[in-house]
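To keep things clear, I will list the structure first and then write my remarks on it.
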């Protein structure tokens, strides 16, 4: 089975770095590149795209709300026109940098609160999906399974790829446990390995309440800002390959 392994990258700003992108890029098959609003800047975007191209790693836009101070994790009230144009601006910026480097953008993965808004609100999810479709109908939308983001992508005629988050706890309903709660972020390589094996074996994850929950996914995400992210990503890759899977960019197996 082909499995995509992705991570959010380029999430520094100026002299500041978040995550070890140089090491992660050697492990993943797809990189979600911050586009300058919650993190990232033109130089970091260019450097990330260059590394990805050299290693044949797919790149996607990782748009967020305009919230550098809060890393895109704070709610910001915006009308539909503002929200749409902020999304288009970010995807277009990465497309330009990618084209100049001889690479191309293959997917979109919403960041933090922007993603939460789309998951919770059908109108927002549809607005974003329609905007992506107008830019490029070949773009793949990364999504948690059975959410408004996945359904909106289908309504807009876009392909979607569902995610399993290896380093985040789930609740009994299959939703992510909020980051502020204890044990919501998983940093143990052994724990991540066990979760990935379970996911590959029977398509489930054990919730924070101790229940097995179905997770329908073809891509595994490790956040670059999770402590020990590089080792966690290596663990995921080794478990996938030990089980006979092939780590492959989504743009290849969904083509």
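Along its three principal axes, how long is the stretch 76-215 when you only count alpha carbons? Whole Å, largest extent first please.
Projected onto the principal axes, the Cα atoms of the stretch 76-215 cover 43, 35, 27 Å.
Kindly provide log₁₀ I(q)/I(0) values, in the same order as q = 0.16, 0.18 Å⁻¹, from the Debye equation applied to equal alpha-carbon scatterers of the stretch 27-111.
For the requested q values the scattering log ratios are -0.57, -0.70.
In whole Å, what is the distance between the alpha-carbon centres of the stretch 189-255 and the stretch 88-128?
The distance from the Cα centre of the stretch 189-255 to that of the stretch 88-128 comes to 23 Å.
Considering every pair of different Cα atoms, what Kirkwood radius, in Å, is found for the stretch 1-146?
15.2 Å
With springs connecting C-alpha atoms under 10 Å apart, model the chain as a Gaussian network and identify which of 63, 227, 145 has the largest mean-square fluctuation.
Highest fluctuation among the options: 227.
How big is the C-alpha Rg of the stretch 154-221 next to the rule-of-thumb value 2.2 N^0.38 Å, as a ratio?
For the stretch 154-221, the normalised Cα radius of gyration comes out at 1.15.
By counting other Cβ atoms within 10 Å of each Cβ, how are 47, 197 ranked from fewest to most?
By the 10 Å Cβ count, ascending: 197, 47.
Where q = 0.17 Å⁻¹, what log10 of I(q)/I(0) comes from the Debye formula for the stretch 2-253, counting one point per Cα?
After summing over all Cα pairs, the log10 values are -1.38.
I need 136, 4, 41, 201 ordered by Cβ neighbour count within 10 Å, fewest first.
Lowest count first: 201, 136, 41, 4.
Taken together, the values in this text are just the output of simple stated rules run on the coordinates, not laboratory data. Values in this document were obtained by computation on a predicted structure and should not be read as measured data. Methodologically, a virtual Cβ is constructed for each residue, glycine included, from the backbone with ideal geometry; neighbour enumeration extends over all protein chains shown.
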